[in-house]
Amino acid sequence: MEFQAIYDIRDRIKPVLEQRGIRFTEVKPGVPFLYNMLELTPAQCQRLVAQARQCGLSRRAYLVRLIEGTPIRTCPSQEIKELRTEIHHIGNNINQIARSVNAGIARAEDAKRGAVPAGSGLRVDVPDRKKVDVPLALNSAERYNQLVILGRWRCRKLEFDVRKMRWTREPENYTIEDGTIRITTKPGTDLWQRTYYHFRNDNAPVFQMETEERFFSFVVKTDFTGAHHRFDQCGVVMYLDSENWLKGSVEYENEEFQHLGSVVTNHGYSDWATTAIPAQVKTMWYRFSRREDDYCIECSPDGKQFTQMRICHMWKGAGKISFGIYACSPEDSSFTAVFSDMEITDCKWLAHDGQAPDEE
């Protein structure tokens, strides 16, 4: 019916165009265009909408798949999503058990009983979600002076200890006192590899600790009140080597704005993702999270509500890594960066609860 109305309008307007000397050209497809209307009752229409929504599809996409015989799968329910998450945790638990036995932290018979040494740093969730250590007598061996009865292991506990941090290019001027680190930058220090600028800078001081833990988050507060020259910066970093690293920071630009951004460098090529923020911002919190060889950097103005800055994959980030803080002044400048409130927590970057991973 709609198409007939179009044809009726065409027939009425053609004489008008001819009177005004306007040429009318009608283009016809090589293959006839067919459009069949599907008439449904209100109940049938509601059922179609509901079934398409269950599959995460539009009505048209749902009908096309039915016509073409393409398999249609409903989206998993919340219960299935939670079950999938639990299975993921169980897999992590099995890996933790195997690692603790292989590393000599626990014996095979202890793992079979579901008991591991409290000193190993493994944690347990009890029903009220509080992490507890349960002292039990095991045997006379000193390393088994305490046990944790296994409810569900979240992850091996990784604690922040500034004494475990090591310098890559130790700066001339810095202080470490009461959990606060101050670094005074030198002019001409930077981290960048090749892209766009076609230079390689690899001389910024980096202060990091090592870990093989695959799931954790590192939080740090930065104060860059002294930044005053273009590209003055300080922030969080994971520096593996000169050609493989990532960083997140605020880089001073001028008296009006500065760049909140991140740089990811894989195989010797850096990229830079930024957004402009007011120059009046003088502090920023960062949360660096690891899920195996994938990483996330988040930022927060208050250390409470964090916003995602970057998700990335690091080609050399699957095993032992180093992470921590850095500060530098790429141009002719110097300022004192202040780092505080550093801590390591369970991984706050939660597993994705949407589309299931591809089967590889």
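The values are calculated or read from the model by the stated rules, or taken from the named source; none is laboratory data. Worth saying up front: this structure is predicted, and the values here are computed from it rather than measured. All Cβ positions, glycine included, derive from the backbone under ideal geometry; neighbour counts span all protein chains shown.
Among the residues in the range 290-298, are any within 9 Å of the chain's Cα centre (by Cα), surrounded by fewer than 16 Cβ atoms within 10 Å (Cβ to Cβ) and not small (Gly, Ala, Ser)? So far as the range 290-298 goes, yes, one or more of its residues are within 9 Å of the chain's Cα centre (by Cα), surrounded by fewer than 16 Cβ atoms within 10 Å (Cβ to Cβ) and not small (Gly, Ala, Ser). Note on the range 152-196: residues that are in a loop (DSSP other than H, G, I, E, B) and modelled with pLDDT under 95 total 11. Inspect the range 234-241 for any residue being among the hydroxyl-bearing types (Ser, Thr, Tyr) and surrounded by fewer than 17 Cβ atoms within 10 Å (Cβ to Cβ) and give the result as yes or no. Scanning the range 234-241, I find no residue that is among the hydroxyl-bearing types (Ser, Thr, Tyr) and surrounded by fewer than 17 Cβ atoms within 10 Å (Cβ to Cβ), so the answer is no.
Comparison of Ala276, Ala227 shows that the only residue that is small (Gly, Ala, Ser), at pLDDT 95 or above, part of a strand (DSSP E or B) and more than 16 Å from the chain's Cα centre (by Cα) is Ala276. Annotation: of all residues in the range 194-204 being of a type outside the set (Lys, Arg) and out of contact with any Phe, Trp or Tyr (no Cβ under 6 Å at 6 or more places or on another chain), the one that is nearest to Ser334 (Cα to Cα) is Asn203.
Here are the criteria: (1) surrounded by 18 or more Cβ atoms within 10 Å (Cβ to Cβ); (2) more than 14 Å from Val236 (Cβ to Cβ); (3) touching an Asp or Glu at 6+ places or on another chain (Cβ under 7 Å); (4) not β-branched (Val, Ile, Thr). Tell me which single one Ser270 does not satisfy. Among (1) surrounded by 18 or more Cβ atoms within 10 Å (Cβ to Cβ); (2) more than 14 Å from Val236 (Cβ to Cβ); (3) touching an Asp or Glu at 6+ places or on another chain (Cβ under 7 Å); (4) not β-branched (Val, Ile, Thr), Ser270 violates only (3).
Suppose we filter Phe160, Phe207 for residues that are among the aromatic types (Phe, Trp, Tyr) and in contact with a Phe, Trp or Tyr (Cβ under 7 Å, 6 or more places away or on another chain); which single one remains? Of the residues listed, the single one that is among the aromatic types (Phe, Trp, Tyr) and in contact with a Phe, Trp or Tyr (Cβ under 7 Å, 6 or more places away or on another chain) is Phe207.
Number of residues in the range 163-193 that are surrounded by fewer than 14 Cβ atoms within 10 Å (Cβ to Cβ) and either closer than 21 Å to Gly248 by Cβ or hydrophobic (A, V, I, L, M, F, W, C) (or both) equals 3. Does Asp353 fit the bill of being charged (D, E, K, R), in contact with a Lys or Arg (Cβ under 6 Å, 6 or more places away or on another chain), surrounded by fewer than 18 Cβ atoms within 10 Å (Cβ to Cβ) and over 22 Å from Asn201 (Cβ atoms)? Considered against the rule, which asks whether it is charged (D, E, K, R), in contact with a Lys or Arg (Cβ under 6 Å, 6 or more places away or on another chain), surrounded by fewer than 18 Cβ atoms within 10 Å (Cβ to Cβ) and over 22 Å from Asn201 (Cβ atoms), Asp353 comes out as yes.
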